1. Test of understanding: express the Cα radius of gyration of the chain as a ratio to 2.2 N^0.38 Å, with N the residue count.
2. Could you report the range 1-63's accessible area per residue, 1.4 Å probe, as an integer in Å²?
3. Looking at the chain only, what percent of DSSP beta bridges run antiparallel? Nearest 5 please.
4. For the chain, find the longest principal axis of its Cα atoms and tell me its angle to the long axis of helix 13-24, 0 to 90°, nearest 10.
5. Just to confirm my numbers, what's the Cα centroid distance between the range 58-75 and the range 1-54 in Å?
6. So how tilted is helix 68-78 from the main axis of the chain? Cα-based, degrees 0 to 90, rounded to 10.
7. Rounded to the nearest 20 Debye, what is the dipole magnitude of the chain about its Cα centre when Lys and Arg each give +1 and Asp and Glu each give -1 at the C-beta?
8. Roughly speaking, to the nearest percent, how much of the chain's 1.4 Å accessible area is carbon and sulfur?
Amino acid sequence: MTQPILHDYYRSSAAYRARIALNFKGIAYESRTVSLIDGAQKSADYRALNPQGLVPMLEIDGLRLTQSLSIAVYLDQRFPE
């Protein structure tokens, strides 16, 4: 598995839940800030990755998961230990 990438913003409660899930499972990940204050979630580059233009988004195992609950469920199923 390549290192997962979490696109997040420190003030986002949904991104906070995704960080909790990753840390709870002990999964090392790269964090990439998407500044909601600056409108980075609306940029063409980010929208090409995530058409919803929301954070968080987790890139893992060739997938792009875009909702904190789906991220938590996926991590729990993929890493049950």
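1. On the way: Rg = 12.0 Å, N = 81, 2.2 N^0.38 = 11.7 Å.
Dividing the Cα Rg of the chain by 2.2 N^0.38 Å gives 1.02.
2. Values: 3750 Å² over 63 residues.
Roughly 60 Å² per residue, with all protein chains present.
3. Working: 6 of 10 bridges.
Restricted to the chain, the bridges split so that about 60 percent are antiparallel.
4. 30
5. The distance from the Cα centre of the range 58-75 to that of the range 1-54 comes to 10 Å.
6. Compared with the principal axis, the helix lies near 30 degrees.
7. On the way: 9 positive and 8 negative charges, 40 e Å.
That gives a dipole near 200 debye.
8. Values: 2660 of 4980 Å².
Result for the chain: 53 percent of the exposed heavy-atom area is carbon or sulfur.
The values are calculated or read from the model by the stated rules, or taken from the named source; none is laboratory data. Because the structure is predicted, anything quoted here is derived from the model rather than measured. In this analysis, Cβ positions are derived from the backbone assuming ideal geometry, glycine residues included, and neighbour counts consider all displayed protein chains. Keep in mind that these areas ignore ligands, DNA and RNA; they rest on the heavy atoms of the full protein, side chains included. Shrake-Rupley method; radii C 1.70, N 1.55, O 1.52, S 1.80 Å.
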